[in-house]
Structure formats: C-alpha cells, structure tokens
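Pasting in a structure now, in structure tokens, and then I'll have a few things to ask.
The values are calculated or read from the model by the stated rules, or taken from the named source; none is laboratory data. Here the structure is a predicted model, which means the values were calculated and not measured. Please note: Cβ atoms are built from the backbone with ideal geometry, for glycine as well, and neighbour counts cover all protein chains shown. Keep in mind that these areas ignore ligands, DNA and RNA; they rest on the heavy atoms of the full protein, side chains included. Shrake-Rupley method; radii C 1.70, N 1.55, O 1.52, S 1.80 Å.
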Amino acid sequence: MSGDVKFMRRALRLAKRGLGSASPNPMVGAVVVRNGIVAGEGWHNAPGGPHAEVEALRAAAGNTKNADLYVTLEPCSTTGRTPPCVDAVIAAGISRVFVGCLDPNPKHNGKGVATLRKAGIETFVGMEEEKCVRLNKAFSQWITTGRPYVLLKIASTLDGKIATSAGESKWITGPTARKRVMELRRWADAIMVGGATARKDTPSLSVRDGKKRVQPKRLVVSRSMSLNEAVNALAPGLAPEVIAASSKSEWLNVLRSLGNQEITALLVEGGGNLAASLLRANIVDEVEFHFAPRILGGRRSIPSVGGDDPSSLLEAIELEQVETRRLGRDMAVTGRPAMRVANGDK
C-alpha cells in the first residue's frame, strides 16, 4: 500500500466519526502530512461547526507549509455556515491536495478543485473514490434529488419469516445483527415502520449507543392509526408522525416532504406489507436483509415481504451490486433494486 493510500484511508476512518452527528452535511475526514509524518487530522462533527480540513489545519498548529492534505470530499468553495475551506487550505501554504471524490452538489462540483489548482496547488482527485462516494450515499442522493436515501432493513429466518402467526419476532437475529441495526439507526435521520409492527413490537426506533447527536425522526405508516395511538404503540421517545401512503405518487410526496425537512437517510424496519408497498412504488434505494440460521415454517407465519401475489417470476425484483457478510451467526445480504426511480422524480 502506498503512503498516499494509507493517509486517505486514515481520512476515511476519521470521516466515519461524523456518523450520527454530521447530517445533513456529509461526513468528511482530513489529514495533514508533512515530510511523511501526520501533522494534524480532523473530521466534520456537526452542521455549523468547522469542516474537516479546518480542523486538520488547526491541529497541525502552523506546521502546514509545503505539506500535503488528504481529504475524503472536495473542499468547499463557497460561504455557507462557515467560510470556504479552499481559502484556509491556500492560506496554510499546502502544496498538494489529494481529494477522494468531488462534491456531489451540482452548485459546487469541481469548483473547489479548480480554485486550488488556480492557486498553484497540485490537486489530485479519485484516491479511494468508491469508498469516499459510498460513505456519503445518502447526502449525495438528497443534495441531487431532494429526497432521502431509502434503505429497507429486514430481519428474517432463512425461509423469509419475520414473525410467527401470533406476531412473535424477538429476537430472530442475534446480538451482532442487532448491533448493526444500531449502526444503521445512527446513520438514519428518520426510521419508519408499519402500523402493525408498531402495535405488536412496541419498538423504540431510537439509538441507544450514546453516539447520536439528534435522535432520528420516528414515522409510522398507517391509514387507521391516530397520532395518540402511535404515541402509545411506540416506546417512549420523540413524538412520532403518522403517514398514510401506498401509491407511488403518495410515496414520492412523502419523500419530498422528508427531504425538505433535511432528512437525508431513511431507514425502513418493517413490516412485510410496508416493505411490499415501498418496493412496488420503486422508491427503495438499497435493501439489507439479515438472515438468521433458522427455519420457522408455517402457512400463517408472517413473510418478510407481503403484498399482492405475483403472477409470474418476471415480477421479481432483481438486485444489483449484491454483497454478503457475516453478522455473528447471521448473514447480511445487501443490494440495490435494479428498477430505480429516476433522478428527475423530485
């Protein structure tokens, strides 16, 4: 591994410290290196706070002349809640900048790099690009389409059951998978469940690891449940919102509304009918299924995806970019539905 890649990977690890606190801004990490030695490092922690580059430059304490800067996302070039980072980089005397990926915001894309190059700073783009892009998939979707990234998470037995006929579902998967759910909740700005799941499971829909700056918005999808019923159905926490949606147009309206509230990442945790509705509306960006090494069986056991019966296998939703990994005794399968909502659907 080259030294440059090593420092960019260090910047990526730093960026992940902003998980649960940086939103609706992207997670960004930065490392200042002088003569092959790390002089300073930083990450973006919260909106309105210093950006990663500024934190790293400050940590370098003036040891920045002719140094290199490794940053996972293109430095900003406009004034927002904070001044442009490119100005701080230029003023610090940095000689080379390594950028993981360009800013996906169409208003900023490429402008920071152009400013640095115009100032005579060697600037390289694309180091560990795939990892840097993936880190901020939710921000990228939100900033370019106005709607949040929708991740559908389902925990089931090997035969695709999420609960017994009586509704018993705790716990299908083990502690490692449940820890992964906490990580997903920390990533999410909002968590959604169906009304039946809310009534049967009394879920918290909250982050309980002490690392979340703001608890995610809690959403219950139901056409019959009142707000008071939703409050009583969920464990104590932030006041939930009840949503009634089933058609594609209704779901797109819901996503637009959430996007306007700076919800960049939406985690959907079930149940089966809600999953079917979202998949049928073609608004799911990614699925993550956690399979426990169990076989439940039963005609009336609740399936992970419900809805109307398909008439042909041609109606099955194919997944792309499929990945698998172990979660303790359980197995996680992730992928992106091949049928996508066009970016023009704002």
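Which links in K131/K170; K107/K212; K153/K200; K153/K179 stretch past 23 Å when you go from one Cα to the other?
On the way: K131/K170 34 Å; K107/K212 29 Å; K153/K200 18 Å; K153/K179 13 Å.
Violating the 23 Å limit, Cα to Cα: K131/K170; K107/K212.
Now, a different point. Just one of (1) 41, 20, 19; (2) 27, 22, 22; (3) 34, 22, 19 is semi-axes √(5λ) of the Cα gyration tensor in Å as worked out from the coordinates here. Which one is it?
It is the value labelled (1).
Contour minus end-to-end for L319 and R96, with contour as 0.36 nm per residue of separation and end-to-end as the Cα-Cα distance? Kindly include the intermediate steps, with their values, before the conclusion.
Details: separation 223, 0.36 × 223 = 80.28 nm, distance 4.02 nm.
So the chain would gain 76.3 nm between L319 and R96.
Probe radius 1.4 Å, ligands and nucleic acids left out: which of T202, T72 has the largest accessible area, and how do the rest follow?
Result, largest first: T202, T72.
So in the chain, what percent of DSSP beta bridges are antiparallel if you round to the nearest 5? Kindly include the intermediate steps, with their values, before the conclusion.
Values: 24 of 55 bridges.
Percent antiparallel among DSSP bridges in the chain is about 45.
Going by amide H atoms built from the backbone, whose H comes under 5 Å of the H on A163, apart from near neighbours?
The list, which skips near neighbours in sequence, is I302.
Related question: Taking the Cα centre of each part, how many Å lie between segment 285-319 and segment 41-95?
Cα centroid to Cα centroid, the span is 47 Å.
Can you give the FRET efficiency for V333 and K107, using 1/(1 + (r/R0)^6), R0 = 35 Å, r = Cβ-Cβ distance, to the nearest 0.05?
The computed FRET efficiency comes out at 0.45.
Rounded to the nearest 500, what is the chain's calculated 222 nm mean residue ellipticity when only DSSP H runs of at least 4 contribute -39500 (n - 2.57) each, over all residues? Could the numbers behind the result be given before it?
Details: 11 runs with 101 residues, N = 346.
That calculation yields -8500 deg cm²/dmol at 222 nm.
By how many degrees, between 0 and 90 and to the nearest 10, does the Cα long axis of helix 175-187 differ from the longest principal axis of the chain?
Helix 175-187 and the main axis of the chain meet at about 60 degrees.
In the chain, once you exclude exposed GluC sites (Glu not before Pro) (DSSP loop, at most 16 other Cβ within 10 angstrom), what's the longest stretch remaining?
1-167
Between A281, A30, A190, which gets the highest mean-square fluctuation from a Gaussian network model of the chain, Cα cutoff 10 Å?
A281
With the Cα gyration tensor of segment 68-138 giving a ≥ b ≥ c as the square roots of its eigenvalues, does the rule (a/c under 1.5 for rounded; else a/b larger than b/c for prolate; else oblate) give rounded, prolate or oblate?
On the way: a/c = 1.90, a/b = 1.25, b/c = 1.52.
Note, shape of segment 68-138 comes out oblate.
Per residue, how much accessible area does the chain show when a 1.4 Å probe rolls over the protein heavy atoms, in square angstrom?
With the other protein chains kept in place, the chain gives 48 Å² per residue.
Given H placed on each backbone N at 1.01 Å, which residues far from V125 in sequence or on other chains put an amide H within less than 5 Å of it?
Those qualifying (amide H under 5 Å, at least 5 residues apart or on another chain) are V99.
Once both labels are modelled 7 Å past Cα along the beta-carbon direction, what's the V5-S165 spacing in nm?
5.6 nm
Multiply the residue gap between V214 and V231 by 0.36 nm, knock off their C-alpha separation, and tell me the result in nm, one decimal place.
Details: separation 17, 0.36 × 17 = 6.12 nm, distance 1.89 nm.
Separation in residues times 0.36 nm, less the Cα-Cα distance, equals 4.2 nm.
Given the options N35, N273, N232, which has the most mean-square fluctuation in a GNM of the chain, springs set between C-alpha atoms less than 10 angstrom apart?
N35
If the elastic network links every pair of Cα atoms under 10 Å, which of P75, P240, P310 fluctuates the most in the Gaussian network model of the chain?
Answer for the Gaussian network model of the chain: P310.
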